[in-house]
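Visitor: Take a look at the following structure, please.
Quick note: the coordinates plus some simple rules give every number you see, no bench work behind them. Just so we're clear, the structure is a prediction, and the values are computed from it rather than from any experiment. Here the Cβ is made from the backbone with ideal geometry for all residues, glycine too, and neighbour counts use every protein chain on show.
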């Protein structure tokens, strides 16, 4: 998210661009980060209806525009958002609820095999446990603990 904010400040984001915010999901955030800062900046620049945002984090209720959130599997566990490179094209099909990285299948497989998880953002406390154990967003993003 910090890189996207920096690019917006420097006017490197243009109409038609897709901003990918990865490592903001339950494990990567940790805690399912709200990307409202990026959305607010897009609004202020008049790009909110001219750019798309794709993230494994969450989008707050005031969002209006092509913002796709809670993509699973999230980047922190090796989901496809982890391997997208700057300038690559992404097809967004809202009717079929699909995102497609327009890269050859062999290249995607190679990148996923070579991918290494980034170091955790949080190094102590309860959030370290959450970052290791959180369920994906499509399963509630909670902890699966049986404390009976």
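Visitor: Of everything in the range 60-79, what is under 16 Å from residue 18 (Cα atoms) and over 10 Å from the mean Cα position of the chain (by Cα)? Give them in sequence order.
Guide: Residues of the range 60-79 that are under 16 Å from residue 18 (Cα atoms), as a first pass: 63-71.
Scanning the range 60-79 gives 63, 64, 65, 66, 67.
Visitor: Still on this model: From the list 4, 52, which residue is buried (at least 20 other Cβ atoms within 10 Å of the Cβ), touching a residue at least 24 places away in the same chain (Cβ under 8 Å) and either more than 30 Å from residue 128 (Cβ to Cβ) or in contact with a strand residue (DSSP E or B) (Cβ under 6 Å, 6 or more places away or on another chain) (or both)?
Guide: Working: 52 fails: buried (at least 20 other Cβ atoms within 10 Å of the Cβ).
Of 4, 52, the one residue that is buried (at least 20 other Cβ atoms within 10 Å of the Cβ), touching a residue at least 24 places away in the same chain (Cβ under 8 Å) and either more than 30 Å from residue 128 (Cβ to Cβ) or in contact with a strand residue (DSSP E or B) (Cβ under 6 Å, 6 or more places away or on another chain) (or both) is 4.
Visitor: Take the range 1-22 and flag every residue that is over 20 Å from residue 92 (Cα atoms) and in a loop (DSSP other than H, G, I, E, B).
Guide: Filtering the range 1-22 for residues over 20 Å from residue 92 (Cα atoms) gives 1-3, 5-12.
Once the filter is applied, which keeps residues that are over 20 Å from residue 92 (Cα atoms) and in a loop (DSSP other than H, G, I, E, B), the range 1-22 yields 1, 10, 11, 12.
Visitor: Scan the range 102-134 for residues that are touching a strand residue (DSSP E or B) at 6+ places or on another chain (Cβ under 9 Å), assigned to a helix (DSSP H, G or I) and in contact (Cβ under 8 Å) with a residue 24 or more places away in the chain and jot them down.
Guide: Answer for the range 102-134, where residues must be touching a strand residue (DSSP E or B) at 6+ places or on another chain (Cβ under 9 Å), assigned to a helix (DSSP H, G or I) and in contact (Cβ under 8 Å) with a residue 24 or more places away in the chain: 108, 130.
Visitor: Can you tell me which residue is surrounded by the most Cβ atoms within 10 Å (Cβ to Cβ) among those in the range 96-129 that are over 17 Å from the mean Cα position of the chain (by Cα) and within 27 Å of residue 145 (Cα to Cα)?
Guide: 127
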